[in-house]
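Student: What follows is a structure written as structure tokens; I'll ask about it next.
The values are calculated or read from the model by the stated rules, or taken from the named source; none is laboratory data. No experiment lies behind these values; they were computed from the predicted model shown. Cβ atoms come from the backbone with ideal geometry, glycine included; neighbour counts cover every protein chain shown.
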Amino acid sequence: MEYSEKVMDHFMNPRNVGEIENASGVGQVGNMKCGDIMKVYLQIEDGKIVDAKFKTFGCGAAVATSSMATELVKGKSIQEALEVTNKAVMEALDGLPPVKVHCSCLAEEALRAALWDYAQKNNIVIDGLEPPVNDVDERHHQAE
Ligand code: FES
């Protein structure tokens, strides 16, 4: 299996690992098939994502995609953050092998779950954001 240099870099030196205390939004998702779990923390101020961190119990591609996803959303507005899809994360990493596409779906869903949590806590509706699913495969089965 071939991984791009960027994937290897984000796996070996993941950015934004950790937790944010009293985060504005926290999202945790899992994939039942591989058993991987990803947790994303967002700090949101004035509608902007000022910080993002993650903890991932999972494969190398799951670590690399969480690292890239958190990098991509930092400094973005909530609407812009919704454009950080699994495809956007994969592109930023110069691609993933086909069997690892689902790892990037986990990153997208963890991000969205954190935004959902933020919306719930603040009683707001984020256009285009659907509630999190328990098993990421439910929403992304065509992605594999
Ligand atoms: Fe499941 Fe990577 S193998 S997230």
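Student: For the condition farther than 18 Å from ASN134 by Cα and modelled with pLDDT of 95 or more, what is the one hit in ALA107, ALA113, ALA64?
Tutor: ALA64
Student: Moving on. Could you check how many residues of segment 7-35 are among the charged types (D, E, K, R) and surrounded by 15 or more Cβ atoms within 10 Å (Cβ to Cβ)?
Tutor: 2
Student: Regarding ALA119, is this residue closer than 19 Å to THR56 by Cα and at pLDDT 95 or above?
Tutor: Considered against the rule, which asks whether it is closer than 19 Å to THR56 by Cα and at pLDDT 95 or above, ALA119 comes out as no.
Student: Hey, any hits in segment 109-121 for a residue that's within 11 Å of the ligand (Cβ to nearest atom), more than 16 Å from SER4 (Cβ to Cβ) and either in a helix (DSSP H, G or I) or within 10 Å of the chain's Cα centre (by Cα) (or both)?
Tutor: yes
Student: Mind checking which residues of segment 19-33 are out of contact with any Leu (no Cβ under 9 Å at 6 or more places or on another chain) and either at pLDDT below 95 or under 20 Å from CYS105 (Cα atoms) (or both)?
Tutor: Result: GLN28, MET32, LYS33.
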